[in-house]
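**Q** Have a look at the structure that comes next, please.
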Amino acid sequence: AGASSTGGLRTFTREELARNVGARFAEDDRPSSTNMYVAVDGYVYDVTKFAALHPGGKAVLRMVAGQDATKEFYALHSREVLEKYHKKLCVGVLAKGAPAVAVAQGTLELPDKSAEDLVSMVPYAEIPLLRLGWARQPWWTDSHREFLVSMRKILADMSSEFFAIEKGGEYVTSELQQRLGALGILAVMNGISVMGVAQRLHEEGKLTMPGGLEPKHFDLWHEYVANQELARSVPVGVRNGISGGMAISLPAIAQFANNLPSGQKDFIVEAILLGTKRSCLAISEPHAGSDVAKIVTVAKKSKCGRYYIVNGIKKWITAGMNADFFSTAVRTGGKDHGGISFLLIDKNHPMTAKGVSVKHIKTSDAMAAATAWVYFDDAYVPVENLMGKENGGFKLMMANFNHERWLICAGCMGGIRGILQECFLWAQQREVFGQKLIKQAVIRHKLGRMIAGVEALEGYMESITYQMANMDPMAQMIQLGGAIAILKYQTTRTMTMISDEACQIFGGRALTASGMGKNVETIQRTFKFASILGGSEEIMADLGVRQALMTFPPDAKL
């Protein structure tokens with residue numbers, strides 16, 4: 001191959017690289033060679049055998065064989081592809097233009113990325129907390145920053161596993177759920193209401209937290225960035241399978257399941273936090289989607305008075321396929337919301353198991369989301385599993401909805417900011433009509449519109465979060481229900497715009513479930529979930545205005 005060695009590294013001059021072209025195209029009379037090498041970012045890769053396996057075909061590699069193909073590579077691939085194959089294919093570095101880190105360390109291995117290396121310097125790719133030179137808002141602390149970057153690192157190190165599950169059409173395994181539990185990821189996705197149990201588990205050595213945080217010091221701002229980071233780092237189907245059902249059901253169990261025998265509630269919370277058990281929220285029905293007051297699943301007291309006999313059906317239940325516990329809306333009384341109760345159904349309870357079954361629903365989301373039909377057929381549920389009071393469940397669900405809608409918004413924020421970053425990067429890499437996309441005024445206008453939407457929404461989101469962190473919990477039920485509904489409406493409207501503009505920037509790649517546009521393809525396929533689940537946009541807008549009218553001053557005039 002004609003290479004030499006410098007500082008323990010095999011080095012290639014450009015002339016030496018050019019002699020490793022592999023087999024020439026038919027009727028090309030120039031000399032061929034045994035090996036086919038290409039250079040990317042100063043590293044030299046042996047693609048002789050890989051060419052036959054290359055997803056884009058052998059010809060595209062033969063076109064750049066023996067050359068520095070950095071520009072061509074990044075026109076078609078993201079850096080993660082290079083990182084995936086680097087160890088297997090890298091054979092040396094260029095004599096001139098070798099990566100400084102390789103020369104300094106005398107190794108071809110790519111250096112591990114630290115947590116700080118994962119903080120993006122792309123404009124507007126990060127929340128203001130992480131931006132160089134920006135003054136910190138008073139609610140942010142060093143603890144929040146350390147927590148954020150640590151969680152990002154934890155999730156980044158598991159990224160290949162997450163995407164394998166997403167693409168493989170699999171459910172999130174119990175083993176993965178338990179690993180995430182031990183790392184504290186499940187705890188942080190459930191918020192403050194579970195931190196008492198989490199603190200005990202932390203002291204017992206069963207659970208750690210990102211950034212070395214103790215659960216007793218966890219606050220709403222930690223939960224905010226946790227939801228953003230999970231959405232930014234984990235594909236949507238796997239994310240929903242991990243926490244989509246749990247994070248909207250376990251807080252209700254932790255707060256409202258107070259009729260259970262002593263110690264049983266904490267036992268359930270502990271099992272779910274450690275990933276040995278799972279939970280989901282079972283409210284929506286074929287008969288009643290956003291109109292919760294119209295549910296028809298009925299719970300009737302048994303003659304002995306020790307059980308509720310539950311009959312009915314639930315639909316679109318995220319993570320329902322794998323759930324052990326169902327926080328369930330049931331009708332125990334008359335019509336409308338006055339007759340609704342909130343019942344914790346344990347499908348493994350010996351009196352309940354025969355009456356509960358689930359069936360997968362194929363949706364636009366991945367299999368990993370484990371979306372389900374849930375059937376209740378004479379399911380006997382102990383009366384102590386009633387959360388709150390009989391016929392008093394609607395208020396509990398509305399309080400739970402505030403938290404659910406808020407965390408949906410936080411997740412959307414993380415997702416769309418990640419898409420904004422990718423659009424910026426793509427516009428700087430992609431060349432069309434002889435110049436980079438970013439040189440086109442129409443692309444800059446699209447990016448400007450996206451930045452304005454994301455940044456305005458960040459301010460709105462942090463304003464509502466500040467109120468949630470400081471307002472009395474009972475006052476929140478009155479004061480913030482409408483405000484959070486409007487926040488969700490604005491969040492999903494912004495997400496719709498981001499998806500639309502990102503698709504136009506990425507073009508055909510936005511319709512391809514792999515490659516550089518895979519994350520844009522995912523958002524354009526799944527963004528409507530947030531627009532509908534937890535209350536559709538129309539219902540949210542109407543609720544926000546109706547709540548505002550409740551405090552409208554009667555003597556106000558234009």
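The values are calculated or read from the model by the stated rules, or taken from the named source; none is laboratory data. For clarity, every value in this text was computed on a predicted model and none was experimentally measured. All Cβ positions, even for glycine, are placed from backbone atoms using ideal geometry, and neighbour counts span all protein chains on display. With ligands, DNA and RNA removed, areas are computed over all heavy atoms of the protein, side chains included. Shrake-Rupley method; radii C 1.70, N 1.55, O 1.52, S 1.80 Å.
**Q** Just name the residue that is nearest to residue 224 (Cα to Cα) out of those in the stretch 409-431 that are open to solvent by 10 Å² or more (accessible area, probe 1.4 Å) and among the charged types (D, E, K, R).
**A** Among residues in the stretch 409-431 that are open to solvent by 10 Å² or more (accessible area, probe 1.4 Å) and among the charged types (D, E, K, R), the one nearest to residue 224 (Cα to Cα) is 422.
**Q** If we scan the stretch 56-66, do we find a residue that is touching a Ser or Thr at 6+ places or on another chain (Cβ under 8 Å) and either free of Cβ contacts under 8 Å to residues at least 24 places away in the same chain or open to solvent by 90 Å² or more (accessible area, probe 1.4 Å) (or both)?
**A** The answer is no; no qualifying residue exists.
**Q** Residue 162 fails exactly one of the following numbered conditions: (1) in contact (Cβ under 8 Å) with a residue 40 or more places away in the chain; (2) under 22 Å from residue 251 (Cα atoms). What is the number of that condition?
**A** Condition (2) is where residue 162 drops out.
**Q** Identify all residues within the stretch 323-358 that are hydroxyl-bearing (Ser, Thr, Tyr) and either surrounded by fewer than 24 Cβ atoms within 10 Å (Cβ to Cβ) or not in a strand (DSSP E or B) (or both); write none if there are none.
**A** 332, 341, 352, 357
Rundown of residues vs (1) modelled with pLDDT of 95 or more; (2) more than 16 Å from residue 314 (Cα to Cα), yes/no style:
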position	(1), (2)
356	yes, no
360	yes, no
363	no, no
374	yes, no
382	yes, yes
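**Q** Residues of the stretch 510-552 being open to solvent by less than 60 Å² (accessible area, probe 1.4 Å), over 20 Å from the mean Cα position of the chain (by Cα) and more than 22 Å from residue 316 (Cβ to Cβ), which ones?
**A** 544, 547, 548, listed by residue number.
**Q** Same structure again: Just to check your reading of the model, which residue among 125, 164 is open to solvent by less than 10 Å² (accessible area, probe 1.4 Å) and among the aliphatic types (A, V, I, L, M)?
**A** Testing whether each residue is open to solvent by less than 10 Å² (accessible area, probe 1.4 Å) and among the aliphatic types (A, V, I, L, M) leaves just 125.
**Q** Looking at (1) under 21 Å from the mean Cα position of the chain (by Cα); (2) open to solvent by 60 Å² or more (accessible area, probe 1.4 Å); (3) aromatic (Phe, Trp, Tyr), which one does residue 221 not meet, given that it meets all the others?
**A** Result: residue 221 fails condition (2) only.
**Q** Would you mind telling me which numbered condition in (1) of a type in the set (Phe, Trp, Tyr); (2) within 20 Å of residue 35 (Cβ to Cβ); (3) in contact with a Leu (Cβ under 9 Å, 6 or more places away or on another chain) residue 124 fails?
**A** Unmet for residue 124, out of (1) of a type in the set (Phe, Trp, Tyr); (2) within 20 Å of residue 35 (Cβ to Cβ); (3) in contact with a Leu (Cβ under 9 Å, 6 or more places away or on another chain): (2).
**Q** Within the stretch 74-97, does at least one residue satisfy the condition of being hydrophobic (A, V, I, L, M, F, W, C), open to solvent by 50 Å² or more (accessible area, probe 1.4 Å) and free of Cβ contacts under 8 Å to residues at least 24 places away in the same chain?
**A** Scanning the stretch 74-97, I find no residue that is hydrophobic (A, V, I, L, M, F, W, C), open to solvent by 50 Å² or more (accessible area, probe 1.4 Å) and free of Cβ contacts under 8 Å to residues at least 24 places away in the same chain, so the answer is no.
Residue by residue, here is whether (1) of a type in the set (Ser, Thr, Tyr); (2) more than 30 Å from residue 16 (Cβ to Cβ); (3) within 27 Å of the chain's Cα centre (by Cα) holds:
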| residue | (1), (2), (3) |
| --- | --- |
| 107 | yes, no, no |
| 111 | no, no, yes |
| 133 | no, yes, no |
| 137 | no, yes, yes |
| 145 | no, yes, yes |
| 148 | no, yes, yes |
